[in-house]
1. At a probe size of 1.4 Å, how large is the accessible area of Asp241, to the nearest 10 Å²?
2. Which whole-number percent gives the relative contact order of the chain, counting Cα pairs below 8 Å spaced six or more residues apart?
3. How charged is the neighbourhood of Thr121? Take every other residue with its Cβ under 14 Å from the Cβ of Thr121, and add Lys/Arg as +1 and Asp/Glu as -1.
4. Along the positive direction of the dipole of the stretch 150-217 (beta-carbon charges: Lys, Arg +1; Asp, Glu -1; about the Cα centre), which of Gly205, Leu162, Gly173 reaches farthest?
5. With no solvent and one equal point scatterer placed on each C-alpha of the stretch 150-217, evaluate the Debye formula and give log10 I(q)/I(0) for q = 0.19, 0.26, 0.27 Å⁻¹, two decimals.
6. Bin all alpha-carbon pair distances of the chain at 10 Å intervals from 0 and give each bin's fraction as a whole percent.
7. Based on C-alpha coordinates, I'd like the Rg and Dmax of the stretch 113-199, in Å.
8. Distance from a point 7 Å along Cα→Cβ of Glu37 to each backbone N in the stretch 44-73: keep the residues under 17 Å and list them by number.
Amino acid sequence: MTTPDQYAPSAPFYDLFPVYTGREDVEFYVQAARASEGPVLEIGCGTGRVLIPTAREGLTCVGVDPSAAMLERCRANLAAEPSELQGRITLVESEMQRLDLGRLFALITCPFRPFQHILSTEDQIEALRHVHRHLAPGGRFIIDIFDPRLDALLHPEESGVLEPEEFTDPATGERIVRRTRRVAWDRTNQILALEFLYERHLQSGGVEFTEHPFGMRYIFRWEMEHLLERCGLGVVDVFGDFERGSVISGESRELIFVCERRD
Ligand SMILES: C[S@@+](CC[C@H](N)C(=O)[O-])C[C@H]1O[C@@H](n2cnc3c(N)ncnc32)[C@H](O)[C@@H]1O
């Protein structure tokens, strides 16, 4: 049985959304990669938003993602880069909990929450053990997740449909609208069921709809530290933003963990 490509519905839109293109994490990850001197493994690399700027530093990179559609976009983005840079990047289709590259990396990153698509504790542990297995002695692992908003957790009924986002597709001039719906909260298993609904307003006058349902597991700060430590990933820093600010309860949007391999 093949696993469905869960990110396929979002792949054509991913690089167009200001919320992704404007995310202020790229320099943070590029700096870490520069300091590591490579090679770099990026888990959940998607369309190459962070991976390609990392390879521009002259480093050898492997990008891993389970979505063939996201990797196809990544290949298309890579095609616009110099051939020398293209030669430094290898793309591999795999989930992180099944990763087997047979080599070690000075830096492993997991930018913009791929880990939260893993919905069970068993799979989370499997995934982090696979990270540990690919980390060189003295190597680092950096991962970000969102800091769960307690107010939203307490009052889920107030936050069913989020503000629609919209933009114009530069290739076609068509207006794209995305609505995000919180479908369900499973507080026992800490899973948020979400749905993106895309509307493409066609030049011809019709509207084309695409749905992308997915789950995200929300994870609290100390829970994440315990998970990492349990898998041999010692936490050396935790930041609340990509300027390396501290975590401020109720204010920080991000939880960014910098880990070192423990044996
Ligand atoms: C929000 S996107 C982030 C993409 C990219 N890292 C970025 O920062 O733009 C999440 C990515 O995680 C990938 N993903 C989902 N489940 C995964 C898993 N089990 N292992 C690795 N990647 C996964 C998705 O296919 C998707 O490309």
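1. Accessible area, nearest 10 Å²: 50 Å².
2. On the way: 513 pairs, mean separation 43.1, N = 263.
Taking the mean separation of contacting Cα pairs over the length of the chain, I get 16 percent.
3. Values: positive: Arg129, Arg217, Arg230; negative: Glu122, Asp123, Glu126, Asp186, Glu223.
That sum, taken over residues with Cβ under 14 Å, equals -2.
4. Checked the options; the winner is Leu162.
5. -0.77, -1.10, -1.15
6. 7, 28, 37, 22, 6, 0, 0
7. 17.8, 50
8. Output list for this probe position: 57-61.
The values are calculated or read from the model by the stated rules, or taken from the named source; none is laboratory data. What you see is a predicted model; the values in this text were computed from it and never measured. So basically every Cβ, Gly included, is an ideal-geometry build from the backbone, and we count neighbours across all protein chains shown. All accessible areas refer to the heavy atoms of the entire protein, side chains included, with ligands and DNA or RNA removed. Shrake-Rupley method; radii C 1.70, N 1.55, O 1.52, S 1.80 Å.
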